[in-house]
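The numbers here are math on the coordinates, done by the rules we state, and not lab data. Model, not experiment: these values are computed from the prediction. Ideal geometry is used to build each Cβ from the backbone, glycine not excepted, and the neighbour counts take in all protein chains shown.
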Amino acid sequence: MSSLLLGFSLILVSSVASGVFGVALRRRRVFSVELMWLIVFLTGYLLLPHLLVMLALPGWDAALGRAGFAGLAPGILFGLAWGVASLLFAHGIAVLGVSLGYAIIMGLIIAVGSSLPLLRHWGAVAEPTRAAAAVGIALISDTGNTSHGDTAYHFSCGVYLDNWTSNCLVYGNLVVNEAVGVAVKGRNNIVQNNLFVGAGDCGIALHSHASYPEHAALVSNNIFYGGSPQAALLKIADRKPRRRVLWQCDCNLCFRPGDPDPVIGRSESGDAWRIAAWREMSSREGEAYDANSVIADPLFVDAAHGDYRLRPDSPALALGFVPIPFERIGTRKTLAP
């Protein structure tokens, strides 16, 4: 038997055993919860673990002795807390029933137990691996006023990642005639491979947020097409160095018909950068924003009639843009019978 198959088999056996042990608590009409749980502790937490340790780890008692009290104290304290939680777990099963109690309690254990270690050691997690939610393969169009350049654009966003919304991947969306394509306020978000058409203010707005000194958003392989004269690919917070808000930005394509050098970036205070100035500014701050991005016609099949598929010779493809599967956009059949 391979190690992979053995591992899955052990997980299956342990899952079944863990799931059915609570059935005995249904006998609480005959035995109290405390008595039933005493049997569980004596057999499952005392007798069997000691037998297995003695068989698998000779000299385990000497190893504990070498660890000393300081090394054992955290384990004892957390073990005590775990024991209290286990007793409360038994009472929860007895009160709610096996099915409902197990679903609620184990769901909370998995959610909290898996998220707290990640939050505690967040700095050790590599940036590209932090995306935990995805928004993609969607058409978002004309949800607000984008034509007059006034404050109405604050309420017209294709995708709005508000305040603490973090660790999201916004990928493969077609956003048409929105003032702001994607508004980002959280941290460690990725905006990649999206198509922004006719933006009134900007394709992507990277806001500052007092709770996050560093946002570290990644923006790459997006197409920004048309839009109002003041619109830019990026609108970025006035926080320096800007890498605290923008971790990486490259391989984007920008094009505004009739404007050979459109605005790439704007700040919240009103500064505007075209491609050369944008690269120079980022270089002064030790970055290389849009070093490989281009100003070029993306060569849509028929932009005038809303066909934003890319022709085979589109320069966006050379930058690594993955064609959006427009056939997947729309209503879906329900999975219910």
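Sorted ascending by nearby beta carbons within 10 Å, beginning with the fewest, TYR289, TYR308 become TYR308, TYR289. The residues PHE196, PHE300, PHE41, when put in order of fewest to most other Cβ atoms within 10 Å, stand as PHE41, PHE300, PHE196. Amide H to amide H, with H built 1.01 Å from N, LEU246 comes under 5 Å of ALA216, ALA217, counting only residues 5 or more places away or on other chains. When PHE326, PHE8 are sorted by how many other C-beta atoms sit within 10 angstrom of their C-beta, beginning with the fewest, the order is PHE8, PHE326. Between LEU80 and ILE110, the contour length at 0.36 nm per residue exceeds the Cα-Cα span by 8.8 nm. Positive contributions from Lys and Arg (+1) and negative ones from Asp and Glu (-1), summed over other residues with Cβ under 11 Å from the Cβ of VAL219, come out at -2.
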